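Visitor: This is the structure, below, for whatever I ask next.
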Amino acid sequence: MPIYQVALALPKRQLFDYLSDQTDIQVGCRVRVSFGPRSMVGIVTGTVASSPHFAKLKAISQLLDQHPVLDESLLSLCHWMAQYYHHPIGEVLHAALPVALRKGESDQPKPIDYLRLLDESQLEVPEAIKRAKKQVHLFHALQEGPQSLTGLKQHFSDSVIKGLVDREIAKIEPIAAEIQTNLWLKLEVGDKPTPNVEQALAITAITQTLGRYACFLLEGITGSGKTEVYLQSIEEVLLNKQQVLILVPEIGLTPQTVKRFEKRFGLEVGVLHSGLSDNERLVVWQKSRRGEVAIVIGTRSAIFTPMLNPGMIIVDEEHDSSYKQQDGLRYNARDLAVLRAKAHNVPLVLGSATPCLETLNNALTNKYQHLQLIRRAGNALQAKQNVLDITNQPLVAGLAQGMLQRMEQHLNAGSQIMLFVNRRGYAPALLCHHCGHIEECKRCNKPYTVHKALHKIQCHHCGSARSLPSSCQSCGHHELVTHGVGTEQLEQSLKKRFAQFSSVRIDSDSVRGKTKLNDLLEEINRGTHHILIGTQILSKGHHFPNVTLVVILDADGALFSADYRAPEHLAQLITQLSGRAGRAEKPGEMWLQTHQPGHPLLQDLIHNGYGHFARHALLERKHAGLPPFCFHTLFRAEASHIELAFEFLSQVGLMLTCLGVKVIGPIPAIMEKRQGRYRMQLLLQANSRSLLNKVIASQVNQIESLPITRKVRWSIDVDPQDFM
Ligand code: ADP
Ligand code: ZN
């Protein structure tokens, strides 16, 4: 009987041995095994000749696959990740699989439930639903064709859907994913603009490398035609009957993006994001694996999509923080894209208006080929950037008088305006006017955010909430005042001041779910709203051609952050925000309100642009000996008592102190306490990535067996992106 090594999704850095009377189970197949009292799904990683526990070995209960669910290249990517991120292989392999497969379901997708009209030729809205606005809306949506039930449920409530079904206007029908045998016959390249010189150079450079590995940084301001470069480069790949994988940031995956690709090539695009059901994701995974879909567009975890015949990989907005997984297996999908492109011998294009410093450095040192688009496509101009000194100025809901007047001018001219505040809620703190006491979350030691509309105060770090107090918890006085400005307050204030203009707030309170966001964005582009107020969400991906004024209320906090990446992120934010605005006949302007108008970072950015700022910031990193000129790995620990976290990290520090690796800490995390747990960090720094990796790998098993690990929660973050 052969002994199989099986990887299980457990936080253990080891494989488990099982017997089977089947001699031909292939590596990469899933099996069901019992582990203690549990039944688990595991992945076969190999066989061994003998096992120290031979007498006690159990048999594999069930073989789930005839053929491996992870092909050779994905398996080796997983083994690389386990080693590079120091993460248990079982968890890595599971992370690389669609959820349905992790649960042990068949790799053949189930039919998907669609809702379709019973009479598809009916044009008139049926009498029975004429008064029900939502049902009419749904009726019109279905007139465009049957729609997946999961997708519809993001727009419509169950009762609206049931309304149409009960009245026998629509019915639910399971439709099996059809097998696409004639995929490439459908390929038809639609109308396209003639590329400008820079675009043409980029397209030629990229398509010249088809069939081998090459990595490009496509650096181009928003609206410079990066997507057009992707489209025209992909064209060649598709004509070769090869597939393309495109990663986009969480927020950038809009129906408009997908439609643009579908329209150009007349092909269905496989979409992968978190709003889909497990089965729907499995359908796309399976189609891609069988070569039945030509283009797959997805968010972070789509990097694990198998492809029968890959031809190119693209990572759009490569600087976006959503590519980095921030818990569990802390991988960076952009970095994994490099490995996949190498493994498949295909070109990789990293695109951004504000490349992250690591990528830029790789381009400047010729590790990547650097392609630049320096003007906007068509005739659109870039928004002019300005700073507004607000020292000693009276502010109304965070806005200076001069700014309010400017806003009025733009509104009166019929344009849209956009305001950015980095805080949602009404105000970031509630304070007693009598004694100065600030209401704080006891579990996080941070001020509660005031949500006036909901009549509550909420901690934005752990989510805990209480009803809005009417008196001070410390002195009992009743005069509580808010401090600072959040989106809710700004919206309220502007609704009063500019009552004749419609405003819309876009933050995670007002937008629940991606679909709501897409609905709001469509309203904005239809011109329903004039004043757009929002957080970070506004800075990403969407272009608002009718916006001619972008106002950033206050971003000074980032100028003094303890995180060395804060200036880079601030510069990206400012540049991305101002990139949202303007088009040819309506050039835009961006104003940044600040108490630090002379700050060198702001001056450099405003006058010389992100490209100049970033090159300068790289020099500073070099002089300070910071990444990308050295390498970081962060040990994070949290515990019920700060001493435990400190003690654990001190022991780790002692074990890792060696030639060539600098140990910094233990030091408290920027968020020192969260959800009642104390958090500390130990930073390891080295000039050689492989040395750093080797040192940690040599100790990680011993660290794991330290008795104190039972009292702390800890993790390893390779190439950390923040110190929160
Ligand atoms: P980015 O991805 O860099 O933001 P896009 O590719 O979306 O830029 O281009 C911005 C706009 O300019 C789009 O409406 C696009 O259709 C248009 N465009 C791009 N390239 C050209 C070109 N060469 N000629 C005319 N219009 C173009
Ligand atoms: Zn809290």
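The values are calculated or read from the model by the stated rules, or taken from the named source; none is laboratory data. Keep in mind that this is a model prediction, so the values were computed, not measured. Positions of Cβ are backbone-derived with ideal geometry, glycine not excepted, and every protein chain shown enters the neighbour counts. These accessible areas exclude ligands, DNA and RNA; they are computed on the full protein's heavy atoms, side chains included. Shrake-Rupley method; radii C 1.70, N 1.55, O 1.52, S 1.80 Å.
Visitor: Residues in segment 689-710: is at least one among the hydrophobic types (A, V, I, L, M, F, W, C) and without any contact (Cβ under 8 Å) to a residue 40 or more places away in the chain? Steps first, answer last, please.
Guide: Of the residues in segment 689-710, the ones among the hydrophobic types (A, V, I, L, M, F, W, C) are 691-692, 695-697, 700, 703, 706, 708.
Restricting the remaining residues to those that are without any contact (Cβ under 8 Å) to a residue 40 or more places away in the chain gives 691, 695.
For segment 689-710, residues among the hydrophobic types (A, V, I, L, M, F, W, C) and without any contact (Cβ under 8 Å) to a residue 40 or more places away in the chain: present.
Visitor: Does any residue in segment 450-461 that is touching a residue at least 40 places away in the same chain (Cβ under 8 Å) come within less than 7 Å, Cβ to Cβ, of a residue that is away from ligand 1 (no atom under 16 Å from the Cβ) and polar (S, T, N, Q) six or more places away or on a different chain, and which pairs are these?
Guide: If the second residue must be away from ligand 1 (no atom under 16 Å from the Cβ) and polar (S, T, N, Q), the pairs left are H451/Q458.
Visitor: Collect the residues in segment 146-159 that are crowded, with 19+ Cβ neighbours inside 10 Å and at pLDDT 85 or above, keeping them in residue-number order.
Guide: Selection gives nothing.
Visitor: Go through segment 570-623 and count every residue that is within 16 Å of ligand 1 (Cβ to nearest atom) and either in a helix (DSSP H, G or I) or small (G, A, S) (or both).
Guide: Step one: list which residues in segment 570-623 are within 16 Å of ligand 1 (Cβ to nearest atom), which gives 572, 575-588, 609-611.
If we keep only those that are either in a helix (DSSP H, G or I) or small (G, A, S) (or both) too, we end up with 572, 575-579, 581-582, 584, 588, 609-611.
Final tally of qualifying residues: 13.
Visitor: Quick check on segment 556-608: of everything there that is among the small types (G, A, S) and either open to solvent by 40 Å² or more (accessible area, probe 1.4 Å) or modelled with pLDDT of 90 or more (or both), which residue is farthest from T359 (Cα to Cα)? Quick ask: steps written out before the conclusion?
Guide: Of the residues in segment 556-608, the ones among the small types (G, A, S) are 557-558, 561-562, 566, 571, 578-579, 581-582, 584, 588, 598.
Now narrow it down to the ones that are either open to solvent by 40 Å² or more (accessible area, probe 1.4 Å) or modelled with pLDDT of 90 or more (or both): 557, 561-562, 566, 571, 584, 598.
Numbers: G557: 26, S561: 23, A562: 23, A566: 17, A571: 16, A584: 31, G598: 29 Å.
Of everything passing the filter in segment 556-608, A584 is farthest from T359 (Cα to Cα).
Visitor: Report whether or not I533 is of a type in the set (A, V, I, L, M) and in contact with an Asp or Glu (Cβ under 6 Å, 6 or more places away or on another chain).
Guide: Yes; evaluated as a whole, the condition is true for this residue.
Visitor: Can you confirm whether segment 177-198 contains a residue that is out of contact with any strand residue (DSSP E or B) (no Cβ under 6 Å at 6 or more places or on another chain), under 14 Å from R376 (Cα atoms) and assigned to a helix (DSSP H, G or I)?
Guide: Yes; the residues of segment 177-198 include at least one that is out of contact with any strand residue (DSSP E or B) (no Cβ under 6 Å at 6 or more places or on another chain), under 14 Å from R376 (Cα atoms) and assigned to a helix (DSSP H, G or I).
Visitor: Could you list all residues from segment 187-228 that are without any contact (Cβ under 8 Å) to a residue 12 or more places away in the chain and either open to solvent by less than 40 Å² (accessible area, probe 1.4 Å) or within 20 Å of N366 (Cα to Cα) (or both)?
Guide: So in segment 187-228, the residues without any contact (Cβ under 8 Å) to a residue 12 or more places away in the chain come out as 191, 194, 197, 200, 204, 208.
Hits for segment 187-228 are A200, T204, Q208.
Visitor: Still on this structure, please answer the following. Here are A397, A363: which of them is in the same structural domain as Q500 (by TED's automatic domain parsing), open to solvent by less than 20 Å² (accessible area, probe 1.4 Å) and small (G, A, S)?
Guide: None of the others qualify; the one that does is A397.
Visitor: Turning to a different aspect of this structure: Just give me the residues in segment 681-696 being open to solvent by 50 Å² or more (accessible area, probe 1.4 Å) and either more than 11 Å from V661 (Cβ to Cβ) or in a strand (DSSP E or B) (or both), in sequence order.
Guide: Listed by number, the residues that qualify are R689, S690.
Visitor: When only residues in segment 141-162 that are of a type outside the set (A, V, I, L, M, F, W, C) and assigned to a loop (DSSP other than H, G, I, E, B) count, which is nearest to the chain's Cα centre (by Cα)?
Guide: This residue is Q154.
Visitor: Still on this structure: Say we look at segment 295-342 and pick out the residues that are over 13 Å from the mean Cα position of the chain (by Cα) and small (G, A, S); which of these is most open to solvent (accessible area, probe 1.4 Å)?
Guide: G328
Visitor: Out of segment 432-463, which residues are within 16 Å of ligand 2 (Cβ to nearest atom), assigned to a loop (DSSP other than H, G, I, E, B) and either over 19 Å from M724 (Cα atoms) or of a type in the set (F, W, Y) (or both)?
Guide: Result: E439, Y448.
Visitor: Still on this structure: Output yes when any residue across segment 218-228 is closer than 20 Å to R334 by Cα, within 16 Å of ligand 1 (Cβ to nearest atom) and of a type in the set (D, E), and no when none is.
Guide: yes
Visitor: Can you tell me which condition G414 does not meet? The list is (1) open to solvent by 30 Å² or more (accessible area, probe 1.4 Å); (2) part of a loop (DSSP other than H, G, I, E, B); (3) touching a strand residue (DSSP E or B) at 6+ places or on another chain (Cβ under 9 Å), and all the others hold.
Guide: (3)
Visitor: Only one of Q572, Q596 is in contact with an Asp or Glu (Cβ under 7 Å, 6 or more places away or on another chain) and under 30 Å from G398 (Cα atoms). Can you tell me which?
Guide: The conditions single out Q596.
Visitor: Examine segment 275-288 for a residue that is more than 18 Å from K540 (Cβ to Cβ) and within 16 Å of ligand 1 (Cβ to nearest atom), and state whether such a residue exists.
Guide: No: segment 275-288 contains no residue that is more than 18 Å from K540 (Cβ to Cβ) and within 16 Å of ligand 1 (Cβ to nearest atom).
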